[in-house]
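Here the structure comes first, spelled out in structure tokens, and everything after it is commentary.
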């Protein structure tokens, strides 16, 4: 949604209401993305510890991708 510059108190309140209505969903989605990023970071650290060529190395790589 595009917003034009605020020209009135009513418009300001409408923008604020829109923001507040969407902010909880934004926070929920942000938390979900953060959890997934942490999982990938953990997999990457585990993958670095494995020697190339081991079957486990290939399995971890497939899990990450």
Revision key, fill the gap. The residue from 46, 32 that alone is assigned to a helix (DSSP H, G or I), within 22 Å of the chain's Cα centre (by Cα) and at pLDDT below 90 is 46
Revision key, fill the gap. Residues of segment 4-20 being part of a loop (DSSP other than H, G, I, E, B) and surrounded by 10 or more Cβ atoms within 10 Å (Cβ to Cβ), in sequence order, are 6
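The values are calculated or read from the model by the stated rules, or taken from the named source; none is laboratory data. Note that the structure is predicted; figures quoted are calculated from it, not measured. Every residue, glycine among them, receives a Cβ derived from its backbone with ideal geometry; neighbour counts consider all protein chains shown.
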